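The block underneath contains the structure these notes are about, expressed in C-alpha cells.
The values are calculated or read from the model by the stated rules, or taken from the named source; none is laboratory data. Computed from a prediction, not measured in an experiment: that's the story for all the values here. All Cβ positions, glycine included, derive from the backbone under ideal geometry; neighbour counts span all protein chains shown.
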Amino acid sequence: MPGVHPAFARDFEYRRHGTLSLLAGIDLLTGKVHALVRDRHRSREFIEFLKLLDAAYPASTAIKLILDNHSAHISKETRAWLDARPTGRFELTFTPKHGSWLNLIEGFFSKFARSVLRHIRVTSKHELKQRIIEGIDDVNRHPVIHTWSYKLAEAA
C-alpha cells in the first residue's frame, strides 16, 4: 500500500507470481545454449534436460557435463537413468563446493539475469517463462564460442 509499507527496489504494485528453474548447458563447440524451463529442479526435471541433450546430439557423441553437487544431479533416480544409457554417452564432472566459478553456465546465468531479467515486470509465471525462452532464443541467434584463457600455471 502506498505510503504505508516502505519498498526497496520495487514499487507498491509489485506482486510476486512465483519462481521458475532454468536448467541449461552451453555447447562449447558451437556456443549454443540448451535450456529447459520448469517449475522445479528435481531429478525428474534434470532427467528431462538430459533427454533433451540426448536427442540433440548423434548417438555416437559423448556428452560431457560440468555440474554442481545439486541433489538432482546425484540422486538415485538420475543415476539409474544414466546407467541405462550406453557406456560413455554421458560423462559427468562435478565442481567442488563453492567452486561455481569453474562452471561456465553459472557466469551465463549471472549475465542472463542482469541483461534479460533484471527490472522486468511480468503478470504471470507463464509470461516469465516466455521471456526466458525468448531470451535464450535471442542468445542462440548469435552464439558466442567461449575461449578459455585461464592458464593453469597462473593458478599456482
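Which condition number does ALA35 fail, the rest of (1) at pLDDT below 95; (2) of a type in the set (A, V, I, L, M); (3) closer than 25 Å to TRP148 by Cα being met?
(1)
For the range 10-19, does any single residue satisfy the condition of being at pLDDT below 95 and either surrounded by 17 or more Cβ atoms within 10 Å (Cβ to Cβ) or within 20 Å of the chain's Cα centre (by Cα) (or both)?
Here is the first cut: in the range 10-19, the residues at pLDDT below 95 are 10-19.
Narrowing the set further to residues that are either surrounded by 17 or more Cβ atoms within 10 Å (Cβ to Cβ) or within 20 Å of the chain's Cα centre (by Cα) (or both) leaves 18-19.
Yes, that holds for at least one residue.
Looking at (1) modelled with pLDDT of 90 or more; (2) within 21 Å of GLU45 (Cα to Cα); (3) under 15 Å from the mean Cα position of the chain (by Cα), can you tell me which one ARG114 breaks?
(2)
Specify the residue that is surrounded by the fewest Cβ atoms within 10 Å (Cβ to Cβ); the eligible residues are those in the range 119-134 that are out of contact with any helix residue (DSSP H, G or I) (no Cβ under 7 Å at 6 or more places or on another chain) and aliphatic (A, V, I, L, M).
Here the residue is ILE133.
Are any residues in the range 77-94 under 18 Å from the mean Cα position of the chain (by Cα) and either closer than 13 Å to LYS64 by Cα or free of Cβ contacts under 8 Å to residues at least 24 places away in the same chain (or both), and if so, which ones? Reasoning before the result, please.
Step one: filter the range 77-94 for residues under 18 Å from the mean Cα position of the chain (by Cα), giving 78, 90-94.
Correct list: PHE90, GLU91, LEU92, THR93, PHE94.
Exactly one of these conditions fails for HIS98: (1) at pLDDT 90 or above; (2) not in a helix (DSSP H, G or I). Give me its number.
For HIS98, the exception is condition (1).
For ASP83, all conditions in the list (1) over 23 Å from ASP39 (Cβ atoms); (2) of a type in the set (Asp, Glu); (3) surrounded by 13 or more Cβ atoms within 10 Å (Cβ to Cβ) hold save one; what is the number of the exception?
Of (1) over 23 Å from ASP39 (Cβ atoms); (2) of a type in the set (Asp, Glu); (3) surrounded by 13 or more Cβ atoms within 10 Å (Cβ to Cβ), only one is false for ASP83: (3).
Among what's in the range 25-59 and is small (Gly, Ala, Ser) and crowded, with 18+ Cβ neighbours inside 10 Å, pick the residue that is nearest to ALA84 (Cα to Cα). Quick ask: steps written out before the conclusion?
Kept after step one, since they are small (Gly, Ala, Ser), are these residues of the range 25-59: 25, 31, 35, 43, 55-56, 59.
Filter again for crowded, with 18+ Cβ neighbours inside 10 Å, leaving 25, 35, 43.
Details: GLY25: 22, ALA35: 23, SER43: 15 Å.
Among those residues, the one meeting the criterion is SER43.
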